[in-house]
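**Student:** Before I ask anything, let me first share the structure, which is written out below as structure tokens.
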Amino acid sequence: MINNTIVVIGGANLEYIITSDKKIIQGHKNSVNIQELYGGSGVNYTLRLLHAGESVYPILFVGDDHAGHQIQEVVASALIADNPNIYHFIHENEFFISNVQTPKSTIIVEDIHRTILSHDKNTQNLFRSFVSKRIKKIENAGAVIIGHIHNDKPSLSNNPEDLSTLFAIAYFKNKPTLIYANFGASQIDHGFSFWQKYLPYIDILQLNIYEIKQFFQTANKQPSLEEIITIIQNLNISAIITLDKFGALGILKGHLNTIFMARPVDLGDSFVDSTGAGDAFCAGMVASLNGEKNFTSNQFKNAMQIARSWAVYACQSFGGANQCPSAEAIETFHQKIIHNNEVLRYQGDRIKDIAALIEITMEAHNID
């Protein structure tokens, strides 16, 4: 029996999106547009999945303050599935963490470039006990998404027992629950040597190309994409590497000589902002896999193709979850771009060629 209930564990924050028609000049007065939205990995997954009609239990890093109540209201309004348990889970006072201030962030968007300024005044690790309390209210789950958890940063604790990420992995690892991890900076800062023994319990690890280079770096030397692919294949885990506007690369456990490449989709003038596209990709993968933990290569490939449509759709608006489509809208969009959204398999020596081409293309993109 398929269990499509999804638990989301991740960050939440009030976002100020600053956009400018002209290049912002430091040290000068600039005329800009400012939009107040809600974001953070947990909020982004939750809103996209709820709007698509999925059943989601959100466990978010929100305080009992004005911003936290705003986020609760936005999440509650996105719930369209008829599920009394989830309705109560979102509306109850236990939705908030005591003695926590909901973080804020400012995102400066200039053409293709994004600068993110985070403001988090919380200096105590209060999320771990909150996650433990909330997660026990959920009887079972088909999948869990573990997003960026700011409270897991090394400066607060290096003790594995204190990390919300590791608690969630340990809680679900022996259950028939798909574990999908999309780490952020606070988790990556612990380093690969810290996470290595826990990675086999994760069904899919997702990072963007810059994050995964940092994750696997040794002695301040970052590996090439080809080296990263080899490392992941030798670890025998499944992974998604998002490549911003250049698509995404998939590595499937047990397939040592194969990679999957989601082609980039050119939105033309419809492209607005790639903020949250990676989170949308993650949500699309989990929605597509539908709680299937032992997915086949065809299921993985198909999930990547659908997830790419979720990510491309997200690039048409500012913010991580500003305009979330319904299931019908995302399916219509997916069918519209499906011929340009093919996921290709590459094997043997072609893997080396594709990895080198991606490196060169992204390096040129950053220089521009």
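The values are calculated or read from the model by the stated rules, or taken from the named source; none is laboratory data. This one's a predicted model, so the numbers in the text were calculated from it and none came from an experiment. Note that we place each Cβ from the backbone using ideal geometry, even for glycine, and neighbour counts take in every protein chain shown.
**Student:** Out of all the residues in region 219-254, which are in contact (Cβ under 8 Å) with a residue 12 or more places away in the chain, surrounded by fewer than 17 Cβ atoms within 10 Å (Cβ to Cβ) and in a loop (DSSP other than H, G, I, E, B)?
**Tutor:** Hits for region 219-254 are SER224, ASN236, GLY254.
**Student:** Starting from residues that are in a helix (DSSP H, G or I) and under 30 Å from THR106 (Cβ atoms), keep the ones in region 321-333 and report whichever is nearest to the chain's Cα centre (by Cα).
**Tutor:** The residue in question is ILE330.
**Student:** Ok, one more. Restricted to region 142-152, and to residues that are outside any strand (DSSP E or B) and buried (at least 24 other Cβ atoms within 10 Å of the Cβ), which residue is modelled with the lowest pLDDT?
**Tutor:** Only one residue fits best here, namely ASN151.
**Student:** What is the one condition in (1) farther than 30 Å from TYR87 by Cβ; (2) in a strand (DSSP E or B) that VAL7 does not satisfy?
**Tutor:** The failed condition is (1).
**Student:** Filter region 18-52 down to the residues that are under 19 Å from the mean Cα position of the chain (by Cα) and outside any helix (DSSP H, G or I), then identify the one that is surrounded by the fewest Cβ atoms within 10 Å (Cβ to Cβ).
**Tutor:** Only one residue fits best here, namely LEU37.
**Student:** Considering THR258, THR275, which residue is farther than 16 Å from ILE202 by Cα, among the hydroxyl-bearing types (Ser, Thr, Tyr) and surrounded by 24 or more Cβ atoms within 10 Å (Cβ to Cβ)?
**Tutor:** THR275
**Student:** Just to check your reading of the model, which residue among ASP203, ASP244 is under 30 Å from ASP269 (Cβ atoms), under 19 Å from the mean Cα position of the chain (by Cα) and not basic (Lys, Arg)?
**Tutor:** ASP244
**Student:** With the checklist (1) surrounded by fewer than 17 Cβ atoms within 10 Å (Cβ to Cβ); (2) charged (D, E, K, R); (3) within 25 Å of GLU227 (Cα to Cα) in hand, flag the one item ASP266 doesn't pass.
**Tutor:** For ASP266, the failing item is (3).
**Student:** Which of the residues belonging to region 321-333 are surrounded by 20 or more Cβ atoms within 10 Å (Cβ to Cβ) and in contact with a Ser or Thr (Cβ under 7 Å, 6 or more places away or on another chain)?
**Tutor:** ILE330
So that you can scan it fast, the table gives a plain yes or no per residue for (1) surrounded by 13 or more Cβ atoms within 10 Å (Cβ to Cβ); (2) part of a helix (DSSP H, G or I):
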{"site": "GLY291", "(1), (2)": "yes, no"}
{"site": "ASN294", "(1), (2)": "no, no"}
{"site": "ASN302", "(1), (2)": "yes, yes"}
{"site": "GLY319", "(1), (2)": "yes, no"}
{"site": "GLN335", "(1), (2)": "no, yes"}
{"site": "LEU344", "(1), (2)": "yes, no"}
{"site": "ILE351", "(1), (2)": "yes, yes"}
{"site": "ILE354", "(1), (2)": "yes, yes"}
{"site": "GLU363", "(1), (2)": "no, yes"}
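**Student:** Collect the residues in region 195-214 that are at pLDDT 95 or above and either at positive phi or among the hydrophobic types (A, V, I, L, M, F, W, C) (or both), keeping them in residue-number order.
**Tutor:** Answer for region 195-214, where residues must be at pLDDT 95 or above and either at positive phi or among the hydrophobic types (A, V, I, L, M, F, W, C) (or both): TRP195, LEU199, ILE202, ILE204, LEU205, LEU207, ILE212.
**Student:** Just give me the residues in region 57-97 being of a type in the set (S, T, N, Q) and either at pLDDT 95 or above or surrounded by 20 or more Cβ atoms within 10 Å (Cβ to Cβ) (or both), in sequence order.
**Tutor:** Hit for region 57-97 is GLN72, nothing else.
**Student:** Restricting attention to region 167-180, does a residue exist that is over 19 Å from ALA143 (Cβ atoms) and touching a strand residue (DSSP E or B) at 6+ places or on another chain (Cβ under 9 Å)?
**Tutor:** There is no residue in region 167-180 that is over 19 Å from ALA143 (Cβ atoms) and touching a strand residue (DSSP E or B) at 6+ places or on another chain (Cβ under 9 Å).
**Student:** Any residue at all in region 181-189 that's assigned to a helix (DSSP H, G or I) and surrounded by fewer than 16 Cβ atoms within 10 Å (Cβ to Cβ)?
**Tutor:** yes
**Student:** Check off (1) in contact with a helix residue (DSSP H, G or I) (Cβ under 8 Å, 6 or more places away or on another chain); (2) without any contact (Cβ under 8 Å) to a residue 60 or more places away in the chain; (3) farther than 30 Å from ASN140 by Cβ for PHE183 and give me the number that stays unchecked.
**Tutor:** (3)
**Student:** Now, a different point. Output the residues belonging to region 190-202 that are closer than 10 Å to ILE169 by Cα and in a loop (DSSP other than H, G, I, E, B).
**Tutor:** Those that are closer than 10 Å to ILE169 by Cα and in a loop (DSSP other than H, G, I, E, B): TYR198, ILE202.
**Student:** Oh, and also: Yes or no: region 112-120 includes at least one residue that is within 22 Å of ASP162 (Cα to Cα) and either surrounded by fewer than 19 Cβ atoms within 10 Å (Cβ to Cβ) or under 22 Å from the mean Cα position of the chain (by Cα) (or both).
**Tutor:** Yes - at least one qualifying residue is present in region 112-120.
**Student:** Please work out which one of (1) without any contact (Cβ under 8 Å) to a residue 40 or more places away in the chain; (2) in contact with a Phe, Trp or Tyr (Cβ under 9 Å, 6 or more places away or on another chain); (3) surrounded by 16 or more Cβ atoms within 10 Å (Cβ to Cβ); (4) part of a helix (DSSP H, G or I) is the condition ALA170 fails and give its number.
**Tutor:** For ALA170, the failing item is (3).
**Student:** Within region 102-130, count every residue that is within 22 Å of GLU73 (Cβ to Cβ) and either acidic (Asp, Glu) or modelled with pLDDT of 90 or more (or both).
**Tutor:** Final tally of qualifying residues: 4.
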